[in-house]
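Participant: Here it is: the structure, laid out below.
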Amino acid sequence: MGLYSSILIKPDMPDGRYLSERALLYVPFFAMIVFASAIILLLPYDTVYVRDQAYLQMFLVTVVVCTAVFLLGTLHNVLLWMRGKGLVSTPEKRLLCFAGRALRLLFSRMLARALGVFVRDALYLSRLKGRSWSRWFMHIMILGGFVLMFVLDLVVTLSLDVLQYQPMIEESGWAKLWLRDVGFEVAGLMMLIGLSIAAIRRFILKPSIVRTELPDAASIIFLLAVVAGGFVLEGIGIAGTIPGHQENVEYSFLGYAVSVMLPASSGEFYDAAWLVHGIMSALLIAYIPFSKMFHMIASPIAIELDGIMAGKEALS
Amino acid sequence: MIRRLDISSLDVRALMSYDACTRCGECTETCPTGGEAQDVEMVTPRGKILRLRELYKAQYGLRARILGPKKISDAELKEFAARAYECTICGQCRTVCPSHLDTIEMWENMREFLVANSLGPLSAHEPIVKSIENYDNPWMQPRTQRSRWSKRLGEEARIGDSLKDDHEILYFVGCTAAYDPNIRPMAENTARVLTHAKVDFGTLGNEEGCCGSTMMRTGLSESAKAMVLRNIERFERASPSIIVTSCAGCYKTIRQDYPKYGKLPAPIVHVTEFALDLMNSGHISPIGRVDKTVSFHDPCHLGRHAGLYEQPRSILQSIPGVKLVEMHRNREDARCCGAGGGVKTAFPELATGISELRVADAESVGCEVLTTSCPFCYQSLKSAVSARGSNMEMVDLMEFLWNSVHAPR
């Protein structure tokens with residue numbers, strides 16, 4: 001089945017127009033994927049702890065593939081939304097129009113309101129807090145940990161591999177100790193607490209409102225495995241005195257606690273554990289558009305739309 | 001040949017919302033039809049969202065694009081449609097959803113989707129739909145009988161004809177108050193209160209048409225559109241300053257749905273808002289004492305859908321002697337009466353079960369008089385009061401107000 005007999009094409013749509021509308025979206029989109037892949041592959045990674053370069057290469061290739069899968073999966077889902085009521089052209093063109101409107105929001109009077117809605121309802125989850133403090137705490141731990149880890153990843157990658165910022169590289173540098181060690185530990189711990197509560201609630205307490213099917217169980221177990229795996233990796237690094245894990249190890253407090261339970265010989269498996277943790281993290285990202293975790297993209301949009309519509313209604 | 005669902009009738013925002021559902025289940029706890037009355041997952045908001053998403057993704061998801069669309073049996077589709085119509089569209093789920101999904105719009109749109117795919121409305125809705133199409137009202141009554149309620153008032157009320165003469169206020173009566181003999185007092189008492197306050201008002205008489213709410217709630221948006229445009233044209237001819245309605249369903253429909261199709265020539269207010277203004281401006285004063293414990297049931301169309309919570313309560317509190325008590329679930333958490341969304345028509349037993357729960361809510365706080373301001377809530381709760389053998393009195397708010405306003409000093 002060729003592109004032109006695809007179900008996405010309205011029968012009365014001239015093929016030429018269809019192709020040009022698709023190109024407007026896909027050319028910049030694939031350029032973005034190539035650009036992101038190039039950045040991932042070309043960064044120097046002088047300061048990564050893994051010793052075997054082959055492992056690093058395997059990880060980077062996996063990250064590139066998983067990032068592409070994440071972006072394509074997200075685009076596929078979003079294009080499906082665009083096929084809804086009132087479609088007069090192609091979903092691709094409609095998506096570009098929506099993206100244009102979203103960009104215009106950045107320069108409009110509604111920006112302050114949109115930011116307020118985002119912080120209050122999408123990050124702080126004010127409505128959930130009003131209904132159940134425990135469910136709110138569980139979710140805020142997972143979400144907060146995820147956001148903190150994402151921000152730290154960006155900051156650390158930028159300062160290590162682009163800026164070569166010394167306090168982030170040196171063993172006793174303040175940034176290394178407080179951002180790379182304590183920061184990641186806190187983010188991971190937050191996620192671990194939230195996910196543990198979620199797992200206990202879902203698999204042991206089983207309150208009536210919780211319905212557990214494979215996607216629910218898979219998401220929690222996958223996330224828990226990645227987060228817990230991070231602490232085990234840290235523990236192996238400290239126990240095996242891998243470079244970067246030899247001084248001030250108590251700053252990685254949870255990893256340090258794990259290391260106490262591990263023999264020094266576990267350091268032999270550090271590279272393998274690093275690769276497994278890295279690949280699992282990348283797979284988790286690729287899995288997002290096809291799992292219930294896609295709500296982390298769709299929910300903030302729904303919350304923003306609700307807030308903006310309410311604002312418009314109030315104005316009118 | 002695989003039957004392919006037509007998703008072009010689903011809103012973009014609704015399609016996005018199906019993905020935004022976190023499956024948390026907050027909505028299932030308070031859902032009057034799925035959670036509370038029968039504990040059937042597929043009737044709950046989460047159940048409906050997940051099922052519909054599953055259905056359309058089986059034909060349009062990534063797997064379908066790679067391997068081709070999956071066949072969905074007619075039985076599966078019919079079961080989903082029947083379950084989707086078990087929702088009263090009360091909007092309780094919208095209140096509790098942490099993702100702020102506009103579920104009211106989603107359920108109405110879901111029904112449009114069912115109609116577009118020849119899965120709705122249900123056969124039980126057909127007589128009402130046909131009646132509205134043929135007679136412009138759901139009660140199978142001739143158009144010529146629409147204004148008959150007003151004739152019975154005689155000199156008690158001065159009701160003008162807004163299509164013949166200029167009247168500042170247009171009173172949009174609504175089909176139920178105009179035709180149902182048990183609900184007529186709602187229109188009569190509204191007219192009495194307005195006359196007492198010396199309000200210059202008229203109606204559209206026999207030309208008033210169904211507001212289209214039933215059509216919209218059952219997914220027949222195209223039929224509704226024609227009705228909306230006809231009514232807007234009538235409003236334009238009447239050219240009032242304000243449109244007042246005593247029906248919560250008409251109020252929600254005209255205020256929130258009409259602007260999607262055309263411009264209203266005047267703002268619409270619910271009679272509780274209007275009556276409160278009349279009281280505040282000294283045009284009417286409740287003087288008759290009512291030494292009763294009274295509670296107000298928030299109609300979904302008035303409360304959660306339109307945000308009118310305080311006006312009816314202010315009216316009740318201004319009546320001497322009234323002790324206003326709140327039910328445990330009130331305002332935006334108010335339990336639905338069970339009548340909305342076509343449920344009473346298609347699933348009368350389910351509707352009765354829900355309304356009995358609401359009456360039990362009122363009984364539990366020692367309520368002697370239960371008031372409301374919606375003909376459908378009034379009807380359902382009154383039946384439930386009788387069915388439970390309760391001593392509670394069910395009174396429409398305008399009747400309650402009128403009894404106090406015209407009482408001898």
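Just so it is clear, none of the values below were taken in a lab; they were calculated from the coordinates. Note that the structure is predicted; figures quoted are calculated from it, not measured. Cβ atoms come from the backbone with ideal geometry, glycine included; neighbour counts cover every protein chain shown.
Participant: What number results when the radius of gyration of region B:134-263, computed over Cα atoms, is divided by 2.2 N^0.38 Å? Present the calculation step by step, with values, prior to reporting the outcome.
Facilitator: Values: Rg = 13.9 Å, N = 130, 2.2 N^0.38 = 14.0 Å.
Ratio of Cα Rg to 2.2 N^0.38 Å: 0.99.
Participant: Another question, if that's okay. Residue by residue through B:92-104, how many Cβ atoms from other chains fall within 10 Å of the Cβ on average? Could the numbers behind the result be given before it?
Facilitator: Details: counts 0, 0, 1, 2, 4, 6, 16, 13, 14, 6, 5, 0, 0.
If you average over the peptide's residues, the count of other-chain Cβ atoms is 5.
Participant: Taking each pair of different alpha-carbon atoms in the protein assembly as shown once, compute 1/r for the pair, average those values, and report the inverse of that mean as the Kirkwood hydrodynamic radius in Å to one decimal. It would help to have the intermediate numbers written out before the result.
Facilitator: Details: mean 1/r = 0.0345 Å⁻¹.
Hydrodynamic radius (Kirkwood, Cα pairs) of the protein assembly as shown is 29.0 Å.
Participant: Rounded, prolate or oblate for region B:252-331? Axes are the square roots of the Cα gyration tensor eigenvalues, ordered a ≥ b ≥ c, and the cut-off for rounded is a/c under 1.5. It would help to have the intermediate numbers written out before the result.
Facilitator: On the way: a/c = 4.32, a/b = 1.57, b/c = 2.74.
Here region B:252-331 falls in the oblate category.
Participant: Please name which of B:Thr30, B:Thr88, B:Ile2 has its Cα lying farthest along the dipole of region B:1-106 towards the positive end, using unit charges on Cβ (Lys, Arg +1; Asp, Glu -1) and the Cα centre as origin.
Facilitator: Sorting the options by dipole projection puts first B:Ile2.
Participant: Step through the table entries A:Lys93/B:Lys260; B:Lys48/B:Lys344; B:Lys48/B:Lys71; B:Lys130/B:Lys225; B:Lys130/B:Lys151; B:Lys151/B:Lys198, compare each Cα-Cα distance with 21 Å, and write down the pairs that go over it.
Facilitator: Pairs exceeding 21 Å: A:Lys93/B:Lys260; B:Lys130/B:Lys151.
Participant: Kindly provide the pair-distance distribution of region A:231-316 built from C-alpha pairs, with 5 Å bins from 0 and whole-percent values in order of increasing distance.
Facilitator: All Cα pairs considered, the percentages come to 3, 14, 15, 12, 9, 8, 9, 9, 6, 6, 4, 3, 1, 0.
Participant: While we're looking at this one, here's another question. In square nanometres, what is one fourth of the surface area of the convex hull spanned by the alpha carbons of region A:179-252?
Facilitator: 5.7
Participant: Could you compute the net charge surrounding B:Met140? Neighbours are other residues with a C-beta less than 13 Å from the C-beta of B:Met140; K and R count +1, D and E count -1. Numbers along the way, then the final one.
Facilitator: Working: positive: B:Lys130, B:Arg143, B:Arg146; negative: B:Glu126, B:Glu133, B:Asp136, B:Asp180.
Once positives and negatives cancel, what remains is -1.
Participant: Next up: In deg cm²/dmol, rounded to 500, what helix-only [θ] at 222 nm does the protein assembly as shown give when every DSSP H run of at least 4 residues adds -39500 (n - 2.57) and the total is split over its residues? Intermediate values should be presented prior to the final figure.
Facilitator: Values: 33 runs with 396 residues, N = 725.
Mean residue ellipticity, 222 nm, calculated: -17000 deg cm²/dmol.
Participant: Can you give the average number of partner chain beta-carbon atoms within 10 Å of each beta-carbon in peptide B:56-65, as a whole number? If you can, show how the numbers build up before the last one.
Facilitator: On the way: counts 2, 2, 0, 1, 6, 4, 7, 1, 1, 5.
Mean shielding count: 3.
Participant: Evaluate peptide A:75-81: per residue, the Cβ atoms of other protein chains within 10 Å of its Cβ; return the mean as an integer. If you can, show how the numbers build up before the last one.
Facilitator: Numbers: counts 0, 4, 6, 3, 1, 13, 10.
Counting Cβ atoms of other protein chains within 10 Å of each residue's Cβ and averaging gives 5.
Participant: Tell me which of A:Thr241, B:Tyr135, A:Val276 sits at the most positive position along the dipole axis of the protein assembly as shown, charges placed on C-beta atoms (Lys, Arg +1; Asp, Glu -1).
Facilitator: Checked the options; the winner is B:Tyr135.
Participant: When ranked by the protection proxy of mean other Cβ atoms within 10 Å per residue, highest first, what sequence do the peptides B:40-49, B:260-269 form?
Facilitator: B:40-49, B:260-269
Participant: Could you give the size of the charge dipole of region B:285-405 about its Cα centre, using +1 on the Cβ of each K and R and -1 on the Cβ of each D and E, expressed in debye and rounded to the nearest 20? Intermediate values should be presented prior to the final figure.
Facilitator: Values: 12 positive and 14 negative charges, 12 e Å.
Charge dipole, region B:285-405, about its Cα centre: 60 debye, nearest 20.
Participant: Please list, or write none, the aspartates and glutamates whose alpha carbon is within less than 20 Å of the alpha carbon of A:Lys176, excluding same-chain residues fewer than 8 places away.
Facilitator: A:Asp46, A:Asp153, A:Asp161, A:Glu185, A:Glu234, A:Glu247, A:Glu250
Participant: If one takes the longest principal axis of the Cα atoms in chain A, at what angle in degrees, from 0 to 90 and to the nearest 10, does the Cα axis of helix A:91-105 lie?
Facilitator: 70
Participant: OK, next. Straight-line reach from B:Lys70: which aspartates and glutamates fall under 20 Å, measuring Cα to Cα and dropping same-chain residues less than 8 apart?
Facilitator: B:Asp6, B:Asp19, B:Glu54, B:Glu79
Participant: Charges at C-beta only: +1 for Lys and Arg, -1 for Asp and Glu. How large is the resulting dipole of the protein assembly as shown about its Cα centre, in Debye rounded to 20? Could you put the intermediate results ahead of the total?
Facilitator: Details: 75 positive and 74 negative charges, 305 e Å.
Once rounded to the nearest 20, the dipole reads 1460 debye.
Participant: Looking at the square roots a ≥ b ≥ c of the eigenvalues of the Cα gyration tensor of region A:142-233, which shape do they give, rounded for a/c under 1.5, prolate if a/b is larger than b/c, or oblate? Working shown, then result.
Facilitator: Working: a/c = 3.41, a/b = 2.93, b/c = 1.16.
Cα axes put region A:142-233 in the prolate bin.
Participant: Taking the Cα centre of region A:133-222 as origin, work out the dipole magnitude from +1 charges on Lys and Arg Cβ and -1 charges on Asp and Glu Cβ, in debye rounded to 20.
Facilitator: Details: 7 positive and 8 negative charges, 125 e Å.
Here the size comes out at about 600 debye.
Participant: Spin-label point model (7 Å from Cα, Cβ direction): what's the B:Glu133 to B:Ser118 distance in nm?
Facilitator: Distance between the two pseudo-spin positions: 1.5 nm.
Participant: Taking the Cα centre of region A:96-200 as the origin and placing charges on Cβ (Lys, Arg +1; Asp, Glu -1), which of A:Phe118, A:Trp178, A:Leu160 is farthest toward the positive end of the dipole?
Facilitator: Final value for the positive-end residue is A:Phe118.
Participant: Only helices at least 27 Å long along their axis, Cα-based, and averaging 1.0 or more on Kyte-Doolittle count here, so list those DSSP H runs from chain B. Write down the numbers at each step before the final one.
Facilitator: Details: long enough: none.
Span-like helices, by this rule, are absent here.
Participant: Just the Cα atoms of region A:110-315: what Rg and Dmax do they give in Å?
Facilitator: Rg and Dmax of region A:110-315, Cα atoms, are 19.4, 67 Å.
Participant: Rg (Å, one decimal) plus Dmax (Å, integer) for the alpha carbons of region B:285-405?
Facilitator: Reported Rg and Dmax, both Å: 13.6, 43.
Participant: Taking a ≥ b ≥ c as the square roots of the eigenvalues of the Cα gyration tensor of region A:97-191, is the shape rounded (a/c under 1.5), prolate (a/b larger than b/c) or oblate? Let's see the in-between values first.
Facilitator: Details: a/c = 3.45, a/b = 1.37, b/c = 2.52.
Cα axes put region A:97-191 in the oblate bin.
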